[in-house]
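Scroll down for the structure; my scribbles are underneath it.
Nothing in this text is a laboratory measurement; each read-out follows from the coordinates by a stated rule. What you see is a predicted model; the values in this text were computed from it and never measured. As a convention, Cβ positions derive from the backbone with ideal geometry for all residues, glycine included, and neighbour counts pool all protein chains shown.
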Amino acid sequence: MNLQCDSIRKLFDEYINNTLPDKQKKLISDHLKICDDCRKEYNKELKIMKAMNDMPLFSCPEKVVKRIESQTYNKYAEKSILNRIYHWIFINKVRPVTIGLAAVILAVVIVVPLFHVNNSSKNSVKTMYTSEEIQKAKKEAELSLSYIGHIINENRQEAVNNVLFDRFPKIIRESLKNSINIIGGE
Amino acid sequence: MKKDQYKKFLHKNKDQVFSYAVYLLHCLEDAEDVTQEVFLKLWENWYNINTKKRESWVMRVTHNSCIDVIRKRKRIKETDKDMNNIDPRHITDFKNIFVNPEKQFYLTEQQKIILSSIEKLPVKQKNVLILHYFYDKKIKEISDILEIKESTLKVMLHRARKSLKTLLSEYFYEKKGGQYEFAV
């Protein structure tokens, strides 16, 4: 057996299956005409391959198919609707989708009221005081201030002696003094 | 729907999976277990598998679980050797398995001889032979299933054929015109 025989025997499988290019096919068929050893080997392999190609497929027993069916798509067919819904949501492949949906709904429930509260508080500040009301309040404040000044003017002596300089803290005493001076000056 | 597609796929491929397991394991009960396991795994991973590669995925899983069974058997044999108490199921006397009137498995004598000599080959070569010749799979498909390069597959196939031929050589006799026949 020379080198050529060895390399040709490697290609028998493809030669028998007819998947070789024409050049190599012709080379092998020419060689088979010449070489006795290779022809013998080729005939043996052909016999074995034919026998192997005719190997039967065994049919899978029915009991196995039934066992598979009962554990896959018929597993939840006999159970209640609630069970099936539970399975669909939590065990099937829909799980990521349902979790995502739940997260979105939670986010909406939490975040939307927050915005709502903020908006309403801003609105209430605006609506509580109109410009007329502010002017009214200003007028009232001026009136009450002048009234206080009037009282203090009337009882200046007493206020100075009893209250202002004895009992209040320093800051208040000074501020009151200032206010009295302003009002008194007018 | 998943259910309809799965049902279709199951009834199309169950025989292929089952007989691959039978050819590899030479035991009907183990083959039944393997088929069940494979199709349950398929149901669980249905959406994770590319629809085009579903068939080769199933064959690969079948192959892997068959090899698991073979490994388990080896372990059992090793531990039970001293006890002299080997489970008769694990002795691969397939001639009794295939002659089963209930299952109606019909094999010719030639095929039985070939199967018995394939059983003597190493597991890797056995797989390649079964996939390539019994199932008519192309080398590219086999390389998808077994995750082996095509070039190494070709070499493995060549070696397997060579050793199969030497194993079968005692059964051949020469006819007159240089033709060979099986002697049974």
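Summary of computed values
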| item | result |
| --- | --- |
| Förster-model FRET efficiency, 45 Å R0, residue A:171 and residue A:107, C-beta, rounded to 0.05 | 0.30 |
| Over 22 Å (Cα to Cα) - which of A:10/B:126; B:14/B:53; B:74/B:165; A:50/B:53; A:47/B:53; A:23/B:137 fall in this group | B:74/B:165; A:50/B:53; A:47/B:53; A:23/B:137 |
| Efficiency of FRET from Cβ geometry, residue A:63 and residue A:18, R₀ 35 Å, rounded to 0.05 | 0.25 |
| Cβ-Cβ FRET estimate between residue B:159 and residue A:34, R0 fixed at 30 Å, reported to 0.05 | 0.70 |
| Sorted by Cβ density within 10 Å, fewest first, the residues A:101, A:82 | A:82, A:101 |
